[in-house]
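A.B. asks: Provided herewith is a single structure, encoded as structure tokens, for subsequent inquiry.
The values are calculated or read from the model by the stated rules, or taken from the named source; none is laboratory data. Keep in mind the model is a prediction, meaning the values are calculated, not measured. Note: ideal-geometry Cβ built from the backbone for every residue, glycine included; neighbour counts use all protein chains shown.
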Amino acid sequence: MKKMDSIGIVRYGAYMPKYLLDRKKIAEAWDFPSIPGGISVSNSDEDTITMAVEAGLDCLGELNPSGVDGLYFATTTPPYTEKQNATVIANALDLRNDIITMDITDSTRGSSIAVARAYETIQSGNANLILVIAADTQKPMPESMFEYQYGDGAAALLIGNKDVVLSILGYASTADNVIGPWKRATDEYIRQFEGKHEGLYGYSRNMLAAFKALFKKLEIDPSTVRKAALYATDPRMASSIGKKIGFKSKAIEGVPFLEFGNTGNAFALMTFMLAIKRARTDDLIAFGNYGDGADAILFKVLDKTALLELRKFSHGIVGYKNTMIPLKSYPAYIAKKKLLTTDRYTRKASPVRSWRDEKFLYRLYGMKCKNCGIVQYPIQRACFECGAKDNNEEIKMQRTGKIFTYTLDHLVGGVYYDTPTPRCVIDLDGGGRILCDMTDVENPEEVVHIGMDVELCFRFMHPGANFNNYYWKCKPIRFPNITEEDEE
């Protein structure tokens, strides 16, 4: 087999929901002792698929998605269990149809498993570029300490064999049927055994074993590692296990638990992205993840300048964190997480239509009339401007534009809301007009206006026909020409 160049990270990206709940709100609601920080909270129309799409878009940036050969999706909270979630994400990202797709579920270690499998796939010669995305949005049991723990978010890595910035030197794994956190198919919420037992016999034992095997295989002294990004549900656990492994204290990256909670499969990747922010050429970066065993992966920075350049292409963890806004109350959190059981109106829908029209529903393609040149959405046989029939070409619509007109609707899906939903007609940049609802807006009567700049986002619409129906919504511009570098 022909010897390949280095295999490793080409780009990275992330997504954090707009909303943050101060843990003091939880303490006030249940008369709990308070702890610092907050948890990231997904909106009611977000799930792991929609967050994965956002992280994927942040990672790919201006790259042509047709170059991606595979998508591996890691989550413990998949919207589908008898249908592959990765294919929905791939469609929304406009990836090719002849790619490798995989859902890696049921463990917070899924993100590192996905990285290792992407590395092996590329090493075998079956792909050149694989997008790894991790996302989770747990529903914690109300009036429990789990509400302090779980945040929502997504992270993405583009793994390839060209233009590599951080090469993968090797990895090692353990598998262990520990008691650990678990959730049966019949359970609504996560269950957990005694924390000290889990930490000692599950977490510590497996993390130590995985890194011991890795450093023995690569013949590397752990004290030479510049940065270590380790999964840990407690900020103190990463420091404790890092010292036992042999890392220097200053090498151990602090986990972002206090800032926005444990984001499940995305959590270790987010810690990793923070760890590489100031890395230098030839630095060794250790990455450790845990869940019914552990994964240890060692990276090497190939070019500091190229690594710094990557920060210009994505908003990253810091960018999203700096644009989050606090929720006003605990009931607002309950509503967004859908923790109250209520009878909900269900719209009619057609899964067949979602499949038939996915070119414009998911991939966001419109058409340009070859006769008069006007751009329009959605794709149809006749041009609404000149009437020319079957004389058009498909074009990719842009995801930014301005509001042409709008209305505020209090009645949505058969439910009356005090805060109305803006229904907007958007003139997209580059041509074309689309009708869609607005999301992630707090005071629509004061904020929404004609000419307002907006961007499109892929969101959950409704569960009609017992099927998850997704489509594009608009939202206020979250990053007005700001990069992660500018946000520090």
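A.B. asks: Would you point out which residue out of Leu274, Leu298, Leu302 is among the aliphatic types (A, V, I, L, M), within 19 Å of the chain's Cα centre (by Cα) and modelled with pLDDT of 90 or more?
C.D. replies: On the way: Leu298 fails: within 19 Å of the chain's Cα centre (by Cα); Leu302 fails: within 19 Å of the chain's Cα centre (by Cα).
Within the list Leu274, Leu298, Leu302, the selection yields Leu274.
A.B. asks: Right, here's the next one. Based on this model, can you work out whether Leu327 counts as surrounded by 14 or more Cβ atoms within 10 Å (Cβ to Cβ), within 19 Å of Pro142 (Cα to Cα) and assigned by TED's automatic domain parsing to the domain that holds Glu143?
C.D. replies: Values: surrounded by 14 or more Cβ atoms within 10 Å (Cβ to Cβ): yes; within 19 Å of Pro142 (Cα to Cα): yes; assigned by TED's automatic domain parsing to the domain that holds Glu143: yes.
It is true that Leu327 is surrounded by 14 or more Cβ atoms within 10 Å (Cβ to Cβ), within 19 Å of Pro142 (Cα to Cα) and assigned by TED's automatic domain parsing to the domain that holds Glu143.
A.B. asks: Taking only the range 450-463 into account, find how many residues are surrounded by fewer than 16 Cβ atoms within 10 Å (Cβ to Cβ) and touching a residue at least 60 places away in the same chain (Cβ under 8 Å). So that I can check it myself, show each step before the final result.
C.D. replies: Restricting attention to the range 450-463, the residues satisfying the condition of being surrounded by fewer than 16 Cβ atoms within 10 Å (Cβ to Cβ) are 450-451, 453, 463.
So of that shortlist, the ones also touching a residue at least 60 places away in the same chain (Cβ under 8 Å) come out as 463.
Residues in the range 450-463 being surrounded by fewer than 16 Cβ atoms within 10 Å (Cβ to Cβ) and touching a residue at least 60 places away in the same chain (Cβ under 8 Å): 1 in total.
A.B. asks: Here's something else I'd like to know. From Tyr150, Tyr189, which residue is surrounded by 13 or more Cβ atoms within 10 Å (Cβ to Cβ), within 25 Å of the chain's Cα centre (by Cα) and free of Cβ contacts under 8 Å to residues at least 60 places away in the same chain?
C.D. replies: On the way: Tyr150 fails: free of Cβ contacts under 8 Å to residues at least 60 places away in the same chain.
Exactly one of Tyr150, Tyr189 is surrounded by 13 or more Cβ atoms within 10 Å (Cβ to Cβ), within 25 Å of the chain's Cα centre (by Cα) and free of Cβ contacts under 8 Å to residues at least 60 places away in the same chain, namely Tyr189.
A.B. asks: Quick one: Arg347 ticks every box in (1) in a loop (DSSP other than H, G, I, E, B); (2) more than 22 Å from Asp437 (Cβ to Cβ) except a single one, so which number is it?
C.D. replies: (2)
A.B. asks: Quickly run through the range 55-87 and pick out the residues that are under 13 Å from the mean Cα position of the chain (by Cα) and either modelled with pLDDT under 95 or under 15 Å from Thr263 (Cα atoms) (or both).
C.D. replies: Passing the criteria: Ala55, Phe73, Ala74, Thr75, Thr76, Thr77, Pro78.
A.B. asks: Tell me yes or no: at least one residue of the range 320-334 is assigned to a strand (DSSP E or B) and at pLDDT 90 or above. So that I can check it myself, show each step before the final result.
C.D. replies: Quick first cut of the range 320-334, residues assigned to a strand (DSSP E or B) only: 325-326.
After this cut, where a residue has to be at pLDDT 90 or above as well, the list is 325-326.
There is at least one residue in the range 320-334 that is assigned to a strand (DSSP E or B) and at pLDDT 90 or above.
A.B. asks: Does the range 160-171 contain at least one residue that is within 24 Å of the chain's Cα centre (by Cα) and among the hydroxyl-bearing types (Ser, Thr, Tyr)?
C.D. replies: The answer is yes; a qualifying residue exists.
A.B. asks: Any idea which residue in the range 216-240 is farthest from Leu284 (Cα to Cα), counting only those that are in contact (Cβ under 8 Å) with a residue 40 or more places away in the chain and assigned to a helix (DSSP H, G or I)?
C.D. replies: So the residue we want is Lys217.
A.B. asks: Conditions: (1) farther than 19 Å from Gly464 by Cβ; (2) under 25 Å from the mean Cα position of the chain (by Cα). Gly366 meets all but one. Number of the miss?
C.D. replies: Among (1) farther than 19 Å from Gly464 by Cβ; (2) under 25 Å from the mean Cα position of the chain (by Cα), Gly366 violates only (2).
A.B. asks: Out of the helices (runs of 4 or more DSSP H) lying entirely within the range 70-177, which hold 3 or more residues that are of a type in the set (A, V, I, L, M, F, W, C) and more than 27 Å from Arg399 (Cα to Cα)?
C.D. replies: Numbers: elements: 85-92, 110-123, 146-149.
Here the list reads 110-123.
A.B. asks: Go through the range 350-369 and give me each residue that's assigned to a loop (DSSP other than H, G, I, E, B), modelled with pLDDT under 90 and closer than 15 Å to Glu394 by Cβ.
C.D. replies: So in the range 350-369, the residues assigned to a loop (DSSP other than H, G, I, E, B) come out as 350, 357, 362-364.
Narrowing the set further to residues that are modelled with pLDDT under 90 leaves 350, 357.
Scanning the range 350-369 gives a single hit, Asp357.
A.B. asks: Also, quick follow-up: List pairs: first in the range 166-184 and within 23 Å of Phe287 (Cβ to Cβ), second modelled with pLDDT under 90 and part of a strand (DSSP E or B), Cβ under 8 Å, 6+ apart or cross-chain?
C.D. replies: Short answer, once both residue conditions are applied: Pro181/Arg191.
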